[in-house]
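Reviewing the structure listed below.
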Amino acid sequence: MSLRSRSTALCAALMAALLLGTAGCSLSGDDGSSPSAGSSTAAAQDQATEVPFDVRPLVEPEKKYFGAALEKAPTDMAPVERFTALTGKQPNLIEYYAAFGDGFNAKGVRNAWQSGALTIMSWEPFDVPLADIAGGKSDAYLKQYAAAVRKLNLPLAISFADEMNGHWEKWGTKHVESADYVKAWKHVHDVFTEAGASNVIWTWTPNIVNPVKSVDLADYYPGDAYVDWVGMVGYFTAAEDNAFDSVFGPTIEKIRTLTKKPMVVVETAAAPGERRRADIRNLFAGIEGDDDIVGFVWFDYRKRADWRLSASPLALAEFKRLVANDLFGFDVRKP
């Protein structure tokens, strides 16, 4: 939901909580089993009266997010520890990828939070048509998922069906009409809202428009009431000029015709090679110089290219020097 409507939702949740508390309804335990009869009412009241986490301070923080997408993280925090040692700073935004149909990774979100990091989940509907999601065929799954997110009551950024303006995704332009995409996005959001899961930062994430100039982002935008962050996926490659404005500028310009919501670079990296140090300098300068961009996530994988910082010692040294700036990174538990 939009930030201007979140306060209303929080109040509604609190009213509902009071009603549930007086009703004495029973709830399942953390392991999915039923609590004992003697503790069921107290447990129900404890959860029902818990105030939903207020994500607003994390949507527009005073400092910038320094994020990383690392294999097996945040379920396993060892990769985060290694990346921290490598770069000299702990990332405070950890991205992971989940298929639509997977269970909610409460352990990973909790691990990240305990380390001072926010989790952003790229939720990918590989095997479920968006029209079916929009039509309610996945509602049982969505309701269960939303309830689990609400129960955990920690902040979570969700980037649902990202890069929708590209032809390479199963939910992209070759396979899905923009109207079905928008309907599916709104439906997922509405199910979470109805479940009281207001602890989500909804992140609408197109690919940068450079390779898909003919696709109008306006056709895919669900509206400000359904978006908290606008994400971008874009990489520095040898195929084009490596100025930040060349890579991201056309997309930012288009986004600004649609919304004034804060932006975040959800996925980026620079291709290995002689230009990589300059690419990293341009990335940091671009993020630092735009007050509307709240941070970035470095994609530290070896996938189609070796995007890992460890693959380029000189580029790593430049990254380490720049990320040391106090502007990047903060404990999300104390924004």
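The values are calculated or read from the model by the stated rules, or taken from the named source; none is laboratory data. Bear in mind that the values here come from a model prediction, so they are computed numbers and not experimental data. Glycine also receives a Cβ, built like all others from the backbone with ideal geometry; neighbour counts cover every protein chain displayed. Accessible surface is based on the protein model in full, side chains and every heavy atom, while ligands, DNA and RNA are left aside. Shrake-Rupley method; radii C 1.70, N 1.55, O 1.52, S 1.80 Å.
Residues in segment 187-195: is at least one among the aliphatic types (A, V, I, L, M), under 25 Å from Phe244 (Cβ atoms), in a helix (DSSP H, G or I) and within 21 Å of the chain's Cα centre (by Cα)? Let's see the steps before the verdict.
Kept after step one, since they are among the aliphatic types (A, V, I, L, M), are these residues of segment 187-195: 188, 191, 195.
Of the ones still in play, those that are also under 25 Å from Phe244 (Cβ atoms) are none.
Checked against the condition, which is being among the aliphatic types (A, V, I, L, M), under 25 Å from Phe244 (Cβ atoms), in a helix (DSSP H, G or I) and within 21 Å of the chain's Cα centre (by Cα), segment 187-195 yields no hits at all.
Among the residues of segment 224-283, write down those that are of a type in the set (Ser, Thr, Tyr) and part of a helix (DSSP H, G or I).
Of the residues in segment 224-283, the ones of a type in the set (Ser, Thr, Tyr) are 226, 235, 237, 246, 251, 257, 259, 268.
Hits for segment 224-283 are Tyr226, Ser246, Thr251.
If Tyr65 satisfies all but one of (1) open to solvent by 10 Å² or more (accessible area, probe 1.4 Å); (2) out of contact with any Lys or Arg (no Cβ under 8 Å at 6 or more places or on another chain), what's the number of the condition it fails?
(1)
Quick check on segment 68-101: of everything there that is hydroxyl-bearing (Ser, Thr, Tyr) and under 14 Å from the mean Cα position of the chain (by Cα), which residue is surrounded by the fewest Cβ atoms within 10 Å (Cβ to Cβ)?
The residue in question is Tyr97.
Tell me which of these Asn242 doesn't satisfy, since it passes every other one: (1) touching an Asp or Glu at 6+ places or on another chain (Cβ under 6 Å); (2) open to solvent by 30 Å² or more (accessible area, probe 1.4 Å).
Checking Asn242 against (1) touching an Asp or Glu at 6+ places or on another chain (Cβ under 6 Å); (2) open to solvent by 30 Å² or more (accessible area, probe 1.4 Å), the one that fails is (2).
What are the residue pairs meeting all of these: first residue in segment 171-190, first residue in contact (Cβ under 8 Å) with a residue 60 or more places away in the chain and closer than 17 Å to Ala225 by Cβ, second residue assigned to a loop (DSSP other than H, G, I, E, B) and open to solvent by less than 20 Å² (accessible area, probe 1.4 Å), Cβ atoms under 9 Å, and 6 or more apart or on different chains?
What qualifies is His189/Met1; His189/Pro222; His189/Val227.
Answer yes if at least one residue in segment 160-168 is open to solvent by 10 Å² or more (accessible area, probe 1.4 Å), of a type outside the set (Phe, Trp, Tyr), farther than 24 Å from Lys254 by Cα and touching a residue at least 24 places away in the same chain (Cβ under 8 Å), and no otherwise.
Our first condition is that a residue be open to solvent by 10 Å² or more (accessible area, probe 1.4 Å); within segment 160-168, this holds for 163, 167-168.
Within this subset, residues satisfying the condition of being of a type outside the set (Phe, Trp, Tyr) are 163, 167.
Next, only the ones that are farther than 24 Å from Lys254 by Cα stay: none.
Checked segment 160-168: no residue is open to solvent by 10 Å² or more (accessible area, probe 1.4 Å), of a type outside the set (Phe, Trp, Tyr), farther than 24 Å from Lys254 by Cα and touching a residue at least 24 places away in the same chain (Cβ under 8 Å).
Restricting attention to segment 135-148, which residues are open to solvent by less than 40 Å² (accessible area, probe 1.4 Å), of a type in the set (A, V, I, L, M, F, W, C) and within 16 Å of His187 (Cβ to Cβ)?
Our first condition is that a residue be open to solvent by less than 40 Å² (accessible area, probe 1.4 Å); within segment 135-148, this holds for 136, 138-139, 142, 145-146, 148.
With the extra rule that they be of a type in the set (A, V, I, L, M, F, W, C), the set shrinks to 142, 146, 148.
Of everything in segment 135-148, those that are open to solvent by less than 40 Å² (accessible area, probe 1.4 Å), of a type in the set (A, V, I, L, M, F, W, C) and within 16 Å of His187 (Cβ to Cβ) turn out to be Leu142, Ala146.
So, in segment 151-171, exactly how many residues are polar (S, T, N, Q) and either assigned to a loop (DSSP other than H, G, I, E, B) or over 16 Å from the mean Cα position of the chain (by Cα) (or both)?
2
Among Lys137, Lys143, which is the only one that is in a loop (DSSP other than H, G, I, E, B) and farther than 29 Å from Trp298 by Cβ?
Being in a loop (DSSP other than H, G, I, E, B) and farther than 29 Å from Trp298 by Cβ holds for just one of Lys137, Lys143, which is Lys137.
Taking segment 292-310 as the region of interest, how many residues are in contact with a Gly (Cβ under 9 Å, 6 or more places away or on another chain) and of a type in the set (Gly, Ala, Ser)?
Result for segment 292-310: 1.
For segment 216-272, enumerate the residues that are small (Gly, Ala, Ser), within 18 Å of Ala69 (Cβ to Cβ) and under 20 Å from the mean Cα position of the chain (by Cα).
Residues of segment 216-272 small (Gly, Ala, Ser): 218, 223, 225, 231, 234, 238-239, 243, 246, 249, 269-271.
Filter once more, keeping what is within 18 Å of Ala69 (Cβ to Cβ): 231, 234, 269-271.
Scanning segment 216-272 gives Gly231, Gly234, Ala269.
For segment 56-106, how many residues meet the condition of being touching a residue at least 40 places away in the same chain (Cβ under 8 Å), assigned to a loop (DSSP other than H, G, I, E, B) and among the charged types (D, E, K, R)?
5
Considering only residues of segment 107-132 that are assigned to a helix (DSSP H, G or I) and out of contact with any Leu (no Cβ under 8 Å at 6 or more places or on another chain), which is farthest from Lys170 (Cα to Cα)?
Of everything passing the filter in segment 107-132, Gln114 is farthest from Lys170 (Cα to Cα).
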